[in-house]
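Since the structure comes first, as structure tokens, the remarks are kept for the end.
The values are calculated or read from the model by the stated rules, or taken from the named source; none is laboratory data. Note that this is a predicted model, so its numbers are computed, not measured. All Cβ positions, even for glycine, are placed from backbone atoms using ideal geometry, and neighbour counts span all protein chains on display. What goes into the accessible areas is simple: the full protein's heavy atoms, side chains included, and nothing from ligands, DNA or RNA. Shrake-Rupley method; radii C 1.70, N 1.55, O 1.52, S 1.80 Å.
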Number of protein chains: 2
Amino acid sequence: MSRSVQPPQLDAFDRKILAILQRDNTTPQRTIGEAVNLSAPAVQRRIKRMTKEGVIQANAAIVDPMAIGQSVTIFVEVEVISETAAQIEEAKRAFASEPEIQQCYYVTGEADFILVIIVPTMGDYEALTRRLFFGNNNVKRFRTFVAMDRVKVGLNIPVEA
Amino acid sequence: MSRSVQPPQLDAFDRKILAILQRDNTTPQRTIGEAVNLSAPAVQRRIKRMTKEGVIQANAAIVDPMAIGQSVTIFVEVEVISETAAQIEEAKRAFASEPEIQQCYYVTGEADFILVIIVPTMGDYEALTRRLFFGNNNVKRFRTFVAMDRVKVGLNIPVEA
DNA sequence: CCCTCCGATGAAACAAACTTGCAAAACGGC
DNA sequence: GCCGTTTTGCAAGTTTGTTTCATCGGAGGG
């Protein structure tokens, strides 16, 4: 919920460690240490600090949706009618509270929000649209894109200097 | 690279384990075992199997882009001119090989591809568009959305029965 | 109906990784 | 140049992951 309050200082060691952990966070600290020229405990302390500071937000296994029987990935562009600060915040809260909404971005351009949704079936998506868009009179328009192929998936932030 | 060749059978144990690992893959196997009523070795074997089968695609730390100084998240809708199988595959390969392209989906709707891009600065994005879109004569049109706020981020596939 | 085979399981032993305490080194401010 | 702060590496202790092995239970065949 809370972002990093003060910009944490990340040195070259931290960045290299993050680059490794983003690729594979099961890498042993000893191996990381060898890669960055630091001892295992030093690596461990830095990881602990970055986790506490919120630089590392989570440690997650990435699962192939195809493996889980039916699951559909959908993109939605949402355009709202009124873009007052209060209503934008309200929309953010509404979107963020939906478990099916995997990612929600507030964007500039021809839309106001972009949502990434994963649901077991198209029927679940239809129910979600009913509840979320048709039931919300601040939604002007929304456009749906259904993923046929998940060509590439990741969330690796560029950390190199 | 290779998808799951044959749909792996996932039982209730596997699904519960995946649900936990998607939330936090640093959870000890013993703790997972208690949660699903299985011994630690059984959990370990299932994780190993699902990793080999590709159900678990990666184990990654999720990093807050805000913590890494400047970084911009951008959505791009790409519409291609010719949608032959060969050209679609070519585009998939081209997009997947770009490190800045975090996510690439082949979609139905008013666009053909949706890209999620993370770059340090807008200048890097401009350079990418030059190389990727203007240099590709199969790209009919692309629309850019710049993320002002990363309201929610995750990739949790629904695994509950 | 019983028997065998096969896969999965749990207990225990083992190996590897993580974590902590502590003294020394590096860095900065004065 | 001295001193306080911070970070480091080493070593010991603890937790976690991994392997081994005997056992259990179900499916198929005699």
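Its relative contact order, with pairs defined as Cα atoms under 8 Å and 6+ residues apart, puts region B:12-53 at 34 percent.
Let a ≥ b ≥ c be the square roots of the eigenvalues of the Cα gyration tensor of region A:12-53; is it rounded (a/c under 1.5), or, if not, prolate (a/b larger than b/c) or oblate?
Numbers: a/c = 1.39, a/b = 1.13, b/c = 1.23.
Verdict is rounded for region A:12-53.
What percent does the relative contact order of chain A come to when contacts are Cα pairs within less than 8 Å and at least six residues apart? The value is 28 percent.
In this simple spin-label approximation, A:Lys92 and A:Thr121 carry label points 7 Å from Cα along the Cα→Cβ vector, and these lie 3.6 nm apart.
Here the label points at B:Ile81 and A:Ala40, each 7 Å from Cα along the C-beta direction, are separated by 5.8 nm in the simple model. Under unit Cβ charges (Lys, Arg +1; Asp, Glu -1), what dipole magnitude, rounded to 20 debye, does chain B have relative to its Cα centre? Taking the Cα centre of chain B as origin, the dipole is about 580 debye.
Restricting attention to chain B, lysine pairs at least eight places apart or on different chains and with alpha-carbon atoms under 28 angstrom apart total 6.
Distances between equivalent label points of A:Gly135 across the copies, with each point positioned 7 Å along Cα→Cβ, amount to 4.8 nm, shortest listed first.
What quantity of accessible surface, computed with a 1.4 Å probe and excluding non-protein components, is buried in total between chains A and B, in Å² to the nearest 100?
Values: alone 11440 and 11470 Å², together 16300 Å².
By this definition, chains A and B bury close to 6600 Å².
If you take each beta carbon of peptide B:46-55 and count the beta carbons of other chains within 10 angstrom, what is the mean? Walk me through the intermediate numbers first.
On the way: counts 0, 1, 0, 0, 4, 2, 0, 2, 4, 6.
Counting Cβ atoms of other protein chains within 10 Å of each residue's Cβ and averaging gives 2.
Ignoring any ligand, DNA or RNA, what whole percent of the accessible area of region B:77-161 comes from carbon and sulfur when the probe is 1.4 angstrom? Carbon and sulfur together cover 53 percent of it.
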